[in-house]
């Protein structure tokens, strides 16, 4: 697929759910998580748990956000994360107490964000294709997207 003779640029959020958790953590826990996200979230978990396989850590780290029975490796990750980020456990418990899932709550935030970006781009008459936790953009618009606020596209 091409737009104006070039491949579209792929904007994809890294560890999106964990980024959406940040505002719900204590200041200290938020700083710890933000540092981990900036330096390599899965690498941080691997260092803290002794696990070696990044793909396994990535897959299993999603399970820690559930109050259901989880894989033993996910339990190990959950124990590490809740010890390092005590307010993460409080955040999860608050959602579980309402009979909701953390994954669904975060997926809603993620889709709202991606759809908001897409809407701003569409209103500015820009070419955009959304998917899961990201979107494709015309390469000609990338500099403006990264330098300006998304909601200023139409101005």
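Throughout, read-outs are computed from the coordinates displayed, never taken from laboratory work. Note that this is a predicted model, so its numbers are computed, not measured. Every residue, glycine among them, receives a Cβ derived from its backbone with ideal geometry; neighbour counts consider all protein chains shown.
Points to keep in mind about this one:
Per-residue answers, yes or no, for (1) surrounded by fewer than 15 Cβ atoms within 10 Å (Cβ to Cβ); (2) over 16 Å from the mean Cα position of the chain (by Cα); (3) on the phi < 0 side of the Ramachandran plot:
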site	(1), (2), (3)
71	yes, yes, yes
77	no, yes, yes
94	yes, yes, yes
99	yes, yes, no
131	yes, no, yes
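- Answer residue from region 1-25, given it is within 30 Å of residue 84 (Cβ to Cβ) and free of Cβ contacts under 8 Å to residues at least 60 places away in the same chain and is surrounded by the fewest Cβ atoms within 10 Å (Cβ to Cβ) among those: 23
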